[in-house]
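Below you'll find the structure, written out as structure tokens, and then a few comments.
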Amino acid sequence: MCGIVGYVGYRSVPELLLEGLHRLEYRGYDSAGIAVLGDRDIEIRKKAGRVNHLAELVRTKPVTGRVGIGHTRWATHGATTDQNSHPHVGGNGDVVIVHNGVIENYDVLRKQLTQLGYVFRSQTDTEVAAHLLSHHLEEQIRLGGEPGDVETCLKAVYATLDRLKGTYGLGILFRECPDTLIAARCGSPLVVGVGKDEYFLASDASPLVGYTKDVVYLSDHEIAVLQPGNLRIEHRSRGSVSPSVQTLEQVASDTDLGQYEHYMLKEIYEQPQTIENALRGRLDGEEATAVIGGLNLTAKELRRIDRIVLTACGTSWHSGLVGEYVLEEFARMPTEVEYASELRYRNPPMSDRTLVFAITQSGETADTLAAMRECKRKGHPTLAICNVVGSTIAREADGGIYLHAGPEIGVASTKAFTSQVTVLTLLALYLGRMRHMSYPAGKRIIGQLRDMPEKISKALECHAQVKDVAERYHHFNNFLYLGRLYNFPVALEGALKLKEISYIHAEGYPAAEMKHGPIALVDQQTPSVFVVPRGGIYPKVVSNMEEIRARRGPIIAIACEGDTDIARIADDVIYVPDVEEYLQPLVCAIPLQLLAYHIALHRGCNVDRPRNLAKSVTVE
Ligand code: G6P
């Protein structure tokens with residue numbers, strides 16, 4: 001989703017901003033722009049389309065200066081046009097801003113500002129904030145403030161923020177205030193990179209990698225003033241804040257494509273390693289349990305818990321569904337999975353014995369954050385299962401478990417899904433061993449988890465088979481994905497992957513439930529992908545396959561190696577290693593990720609940056 005980058009210091013500002021914008025591309029966007037404060041004016045270059053188009057524009061019409069802001073826009077209010085791209089100018093050009101978030105009261109403010117004579121050049125909510133800031137700046141000048149004085153500018157920022165409702169991460173330049181960049185945050189992430197005589201601003205740490213390891217994460221209602229050699233942070237109501245500088249772990253090579261053509265493929269292939277990372281140091285063979293250090297709850301407190309609520313969006317919600325099954329099975333713990341966007345506005349009865357987990361790769365998803373805050377407000381311990389260290393959810397949670405999967409750049413989540421499932425399984429083992437699970441059962445699970453990186457490597461050997469299937473199926477326009485029990489969430493995830501990156505309509509369904517509706521869609525033009533590895537109800541799923549076959553629907557089966565029977569019913573079979581049922585989501589996700597990837601390639605889609613989607617959804 002929208003990305004912000006900013007810089008003040010001695011380096012070449014346009015190059016730095018463009019590089020930062022390139023690094024933020026993975027978040028999803030449709031236009032880009034930069035503004036640089038030079039000796040006399042703020043120069044803006046912006047354009048609908050890719051950062052490369054913007055870079056070309058900057059090459060033909062260069063800008064210079066020592067301070068600047070940049071933005072990748074993911075449209076919310078107003079179409080994707082040059083005019084709607086950020087940065088936006090306030091008043092007569094005395095202020096220029098970039099914004100991530102949504103100004104909810106923009107309509108009222110726009111009317112008021114129009115009456116005051118402000119002329120709007122775009123349809124965005126952001127331009128309202130720009131004009132409002134200009135209005136308050138003029139007010140401060142009328143009251144005697146110096147236009148080039150940072151205190152005057154800050155007062156105008158405070159007055160503006162008081163009138164904005166909604167969410168924002170803002171980067172602001174003032175024409176008369178040299179070498180100064182002001183940032184403000186409420187609901188949309190911002191991080192300040194601390195260098196020697198230079199400061200960076202960004203929506204996430206990726207633009208800072210290679211420049212500085214020292215970062216300050218801004219909290220909601222904080223305002224930062226960045227000047228060469230001087231960083232000042234204030235809380236809107238509590239005043240001056242002493243910056244808490246943290247060290248970034250990410251290294252530049254984490255975001256290199258290496259030998260791969262796309263990030264999605266690279267991340268699919270990283271899964272033996274990322275699952276190993278999720279398991280590292282967390283298996284205790286002696287005690288036959290998992291070691292989970294960061295929950296910040298004592299064993300006594302954990303034993304009091306009688307219900308778990310998992311909340312998430314998108315792929316993370318699917319991993320939550322696997323989590324529900326495994327937590328109930330291993331720990332006999334009543335568990336529910338809630339869409340964060342629903343939970344945040346619902347008021348389900350939850351006792352003080354309910355433990356809440358927010359599951360999120362980015363740690364910035366607006367709905368997941370809001371749902372987590374709502375649960376916190378009501379006094380529930382809220383923990384996070386999160387990938388991005390230092391993200392808002394990771395910081396605000398009472399504790400949690402990191403995935404350690406490294407940066408996930410492909411918009412369609414792959415490695416985060418399998419890491420989340422791994423971590424939820426560890427959690428189920430840990431809670432199970434605290435309650436009812438026997439020592440031998442715990443031992444068995446530990447052994448099986450230890451084998452998983454190797455099993456995932458084996459699962460990746462299906463790649464050639466998947467390529468071949470993709471070649472033959474890429475022209476179909478509707479797919480059903482069907483599975484039961486642990487493989488139902490996998491069916492949902494497989495369908496989501498296909499939708500996200502190939503724009504093909506796909507529905508995931510519990511295999512038996514398809515008789516209650518989706519079966520009406522089945523014909524020779526609607527393939528069904530069955531996730532049907534061997535297990536307790538394998539024959540039942542095979543019956544569901546027969547039902548599809550009787551209606552002449554093409555069938556692709558994801559089955560256990562050695563299962564030759566399945567080939568008699570399915571048109572195509574993709575084999576994965578045989579593992580225990582609770583681990584099947586891990587191995588079965590692999591061919592489905594690869595299938596979506598290859599079908600998307602056949603259809604000429606941009607797999608890493610699918611249209612309309614964002615990696616980090618920071619608006620509600
Ligand atoms: C977006 C991404 C999905 C992701 C979802 C939740 O929609 O495109 O891939 O699953 O957000 O993101 P989170 O970072 O909270 O896991």
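The values are calculated or read from the model by the stated rules, or taken from the named source; none is laboratory data. These numbers come from a predicted model, not from an experiment. All Cβ positions, glycine included, derive from the backbone under ideal geometry; neighbour counts span all protein chains shown. Accessible surface areas use protein heavy atoms only, side chains included; no ligands, DNA or RNA. Shrake-Rupley method; radii C 1.70, N 1.55, O 1.52, S 1.80 Å.
Numbers for the structure displayed
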item: Residue within the range 275-294 that is closer than 21 Å to Thr392 by Cα and open to solvent by 40 Å² or more (accessible area, probe 1.4 Å) present; result: yes
item: Test for Gly6: is it under 25 Å from Pro147 (Cβ atoms) and open to solvent by less than 10 Å² (accessible area, probe 1.4 Å); result: yes
item: Test: residue in the range 397-405 that is closer than 21 Å to Ser188 by Cβ and open to solvent by 10 Å² or more (accessible area, probe 1.4 Å); result: yes
item: Among (1) open to solvent by 10 Å² or more (accessible area, probe 1.4 Å); (2) out of contact with any helix residue (DSSP H, G or I) (no Cβ under 7 Å at 6 or more places or on another chain) - the single one Leu190 does not satisfy; result: (1)
item: Residue check, His463 in a loop (DSSP other than H, G, I, E, B), buried (at least 16 other Cβ atoms within 10 Å of the Cβ) and either among the aromatic types (Phe, Trp, Tyr) or not assigned by TED's automatic domain parsing to the domain that holds Leu208 (or both); result: no
item: Condition met for Ala416 (among the small types (Gly, Ala, Ser), open to solvent by less than 30 Å² (accessible area, probe 1.4 Å), within 26 Å of Leu218 (Cα to Cα) and assigned to a strand (DSSP E or B)); result: no
item: Residue count for the range 401-440, restricted to those that are away from the ligand (no atom under 16 Å from the Cβ) and among the hydrophobic types (A, V, I, L, M, F, W, C); result: 7
item: Flag if Arg344 is away from the ligand (no atom under 14 Å from the Cβ) and touching a residue at least 12 places away in the same chain (Cβ under 8 Å); result: no
item: Residue check for Asp367: within 9 Å of the ligand (Cβ to nearest atom), acidic (Asp, Glu) and open to solvent by 10 Å² or more (accessible area, probe 1.4 Å); result: yes
item: Matching residues, the range 591-609, being more than 14 Å from the chain's Cα centre (by Cα) and within 13 Å of the ligand (Cβ to nearest atom); result: Gln593, Ala596, Val607
item: Subset tally (residues that are outside any strand (DSSP E or B) and in contact (Cβ under 8 Å) with a residue 12 or more places away in the chain) for the range 176-217; result: 22
item: Flag if Tyr503 is among the hydroxyl-bearing types (Ser, Thr, Tyr), modelled with pLDDT of 95 or more and surrounded by 20 or more Cβ atoms within 10 Å (Cβ to Cβ); result: no
item: Output for the range 220-245, where each listed residue is in a loop (DSSP other than H, G, I, E, B) and open to solvent by 40 Å² or more (accessible area, probe 1.4 Å); result: His221, Pro228, Gly229, Arg236, Ser237, Arg238, Ser242, Pro243, Ser244, Val245
item: Pick from the range 299-313, criterion open to solvent by 40 Å² or more (accessible area, probe 1.4 Å) and in a helix (DSSP H, G or I), ranking: farthest from the ligand (Cβ to nearest atom); result: Lys300
item: Close pairs from the range 448-470: first within 26 Å of Leu279 (Cβ to Cβ), partner of a type in the set (S, T, N, Q), Cβ under 6 Å, at least 6 apart; result: Ile456/Gln271
item: Residues of the range 324-352 classified as within 26 Å of the chain's Cα centre (by Cα), open to solvent by 20 Å² or more (accessible area, probe 1.4 Å) and among the small types (Gly, Ala, Ser), total; result: 1
item: Check on Tyr26, in a helix (DSSP H, G or I) and hydroxyl-bearing (Ser, Thr, Tyr); result: yes
